[in-house]
Amino acid sequence: MAGGGEDAAAARNKMVVLKRHVTGFPTEEDVEVVVGTVRLQVPAGSTSAVLVKNLYLSCDPWMRGRMSKHDEGVTVPAPDFVVGQTLVNFGVGKVIDSTHPEFKAGDLVWGMSGWEEYTLVSQPESLFKINHTELPLSYYTGVLGMPGLTVYAGFMEVGRPKRGDFVFVSAASGAVGQVAGQLAKIAGCYVVGSAGSDEKVDLLKTKFGFDDAFNYKSEVDLAAALKRCLPDGIDIYFDNVGGATLDAALLHMRHGGRVVVCGMISQYNLEEPDGVRNLFCIIPKAVRVEGFNVGGYLQMYSRFEEQMSGYIKEGKVVVVEDVVEGIESAPAALVGLFSGRNVGKQLVALPRG
């Protein structure tokens with residue numbers, strides 16, 4: 001165990017802080033990059049803390065909810081970010097110093113971290129050691145990290161696929177969607193995805209092995225697009241967007257179908273969320289609509305990591321990442337998620353030194 005006093009070496013620490021709470025679509029001006037300093041040892045008296053040098057920061061749509069100011073009593077997945085304080089999300093890093101018995105200097109970890117170059121993690125229970133260092137470390141922001149576990153839990157545990165099921169995945173080229181489609185193919189399903197550009201549609205069919213895909217921005221009628229691509233209906237809809245796509249999918253669910261509600265990126269920036277008009281469809285067709293939170297499935301991470309790393313090594317799961325360099329690029333990368341600017345899993349690479 002290490003830990004030290006005020007004479008420990010110091011380093012520059014660039015961080016992304018919230019400049020103002022957000023309404024509507026976020027902009028780069030809602031956050032700012034500031035420069036501070038950090039001692040390169042866990043402070044004296046901290047008996048269970050880990051100092052991490054961040055190597056990769058994950059950009060995820062769920063951060064948007066924390067950038068707003070919510071009224072007291074409103075149910076939210078996580079507390080609002082505080083103006084003037086560092087944004088928080090999942091990241092990959094290297095342990096610089098530790099007073100926690102399960103972590104030592106040099107360990108590679110992933111888990112909840114600050115959007116900064118160095119983070120003092122006061123609750124290291126949220127960190128996971130990285131076991132497959134032969135794979136790119138960046139994968140632990142995506143396919144082997146929170147997004148991957150989210151898909152695994154949502155699709156396998158909530159969706160419960162059966163061979164021959166017809167599966168529809170929205171936002172299918174993103175960090176979650178690309179893995180959902182590939183797990184569906186491994187499970188022996190017929191898979192259709194939607195995405196927001198012709199380039200992404202081509203990626204779904206040529207890279208990720210989707211059976212069919214469509215550009216939702218080019219479709220006049222989403223229900224007609226689903227009928228064209230899935231004429232026999234949908235057994236599992238893995239929903240990442242909500243809104244009009246969810247409404248259209250409900251019309252085409254098969255008897256006993258499952259709607260796995262993972263995210264609703266189309267709704268995050270609306271002051272008045274869209275309503276759902278076709279819920280009546282779930283009654284005669286006995287459709288189950290179920291939301292879930294990945295936090296309830298952390299106990300299966302070890303099993304997931306071994307299975308998913310095996311799929312990657314066997315070539316059954318391929319990964320597309322959209323990587324920007326340097327923490328100064330993080331605000332634009334985050335904002336770009338909400339216009340579909342990214343192609344694949346969006347992440348920020350930080351200097352190793």
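Tabulated values for the structure
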{"quantity": "Selection from VAL191, ALA10, VAL34 lying farthest towards where the dipole of the chain points positive, charges on Cβ", "calculated": "VAL191"}
{"quantity": "Shape category assigned to segment 304-353 from the gyration tensor of Cα positions, a/c cut at 1.5", "calculated": "oblate"}
{"quantity": "Calculated diffusion of segment 1-91, Stokes-Einstein form, Kirkwood radius summed over Cα pairs, 4 °C and 1.567 mPa s, µm²/s", "calculated": "84 µm²/s"}
{"quantity": "Mean projected area (nm²) of the alpha-carbon convex hull when segment 146-295 is viewed from all directions", "calculated": "8.4 nm²"}
{"quantity": "For the chain, size of Cβ-based charge dipole, Lys and Arg +1, Asp and Glu -1, in debye", "calculated": "780 debye"}
{"quantity": "Part-to-part distance (alpha-carbon centres) for segment 94-146 and segment 10-60, which is given in Å", "calculated": "15 Å"}
{"quantity": "Computed magnitude of the charge dipole of segment 146-295 (debye, nearest 20; Cβ of K, R +1, Cβ of D, E -1)", "calculated": "540 debye"}
{"quantity": "Packing-based ranking, highest mean first, of 169-176, 333-340 given that Cβ atoms within 10 Å are counted", "calculated": "169-176, 333-340"}
{"quantity": "Peptides ranked, highest mean first, by Cβ atoms within 10 Å: ranges 264-275, 204-215, 222-233", "calculated": "204-215, 222-233, 264-275"}
{"quantity": "Qualifying GluC sites (Glu not before Pro) in segment 131-231, DSSP loop, other Cβ atoms within 10 Å at most 13", "calculated": "GLU134"}
{"quantity": "Of LYS185/LYS285; LYS162/LYS205; LYS69/LYS207, those spanning more than 30 Å from alpha-carbon to alpha-carbon", "calculated": "LYS69/LYS207"}
{"quantity": "Shape of segment 72-138, Cα gyration tensor, a/c cut at 1.5", "calculated": "prolate"}
{"quantity": "Unit charges at the beta carbon, dipole of the chain: most positive-side option, VAL95, VAL318, LEU347", "calculated": "VAL318"}
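Bear in mind that the values in this text are calculations on the coordinates, not laboratory data. Computed from a prediction, not measured in an experiment: that's the story for all the values here. With ideal geometry, Cβ positions are generated from the backbone for all residues, glycine too; neighbour counts draw on all protein chains shown.
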